[in-house]
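The values are calculated or read from the model by the stated rules, or taken from the named source; none is laboratory data. If you're wondering where the values come from, they're calculated on a predicted model, not measured in any experiment. Cβ sites come from the backbone with ideal geometry, for glycine too, and all protein chains shown count toward neighbours.
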Amino acid sequence: MAELRATCSIVSLDGGEDYRKCEHPPLSGLYAYGHGASLALSRTFAALAPAGAQPTPAQIPVPGASRSVAVPLAAGRICRFSFEQLCGAALSAADYLALCDAYDAFVMDDVPAGDVCESNAHFCSQPLV
């Protein structure tokens with residue numbers, strides 16, 4: 001530790017409040033599972049989309065990068081992905097930020113049940129959350 005202190009700058013990252021200990025409001029959103037979940041999510045996507053908007057695939061440019069993120073289905077500021085498309089793909093924090101800047105609501109199908117926390121997709125999706 002002494003050698004690290006002698007050769008490295010120490011930067012305090014203490015923000016003063018541990019947000020893990022704060023009371024949080026319950027999560028809001030629609031959660032559909034089981035038989036008929038995909039249909040329920042399709043109806044929700046249609047209800048959230050602007051009137052008359054035709055859902056189409058989209059490409060969202062990533063600021064500061066020479067790439068874009070493929071969006072399977074979008075209408076206005078609503079997008080739809082499968083869990084694998086959004087969380088299993090090789091996306092970076094910058095990609096997720098570009099998506100969050102472009103869309104107000106995400107509809108996600110096929111979220112795995114069970115111990116998803118041990119999957120690689122879980123770790124890759126943490127920047128999105």
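Would you point out the residue of region 111-122, among those that are surrounded by 14 or more Cβ atoms within 10 Å (Cβ to Cβ) and not polar (S, T, N, Q), that is modelled with the highest pLDDT?
Ranking the qualifying residues of region 111-122, first place goes to 111.
Within the group 98, 49, 75, which residue is buried (at least 16 other Cβ atoms within 10 Å of the Cβ), more than 29 Å from residue 34 (Cα to Cα), out of contact with any Ser or Thr (no Cβ under 6 Å at 6 or more places or on another chain) and among the small types (Gly, Ala, Ser)?
Only one candidate passes the filter, namely 98.
Here are the criteria: (1) surrounded by 14 or more Cβ atoms within 10 Å (Cβ to Cβ); (2) over 24 Å from residue 35 (Cα atoms). Tell me which single one residue 93 does not satisfy.
(1)
Could you check how many residues of region 51-67 are small (Gly, Ala, Ser) and touching a residue at least 12 places away in the same chain (Cβ under 8 Å)?
The qualifying residues number 4.
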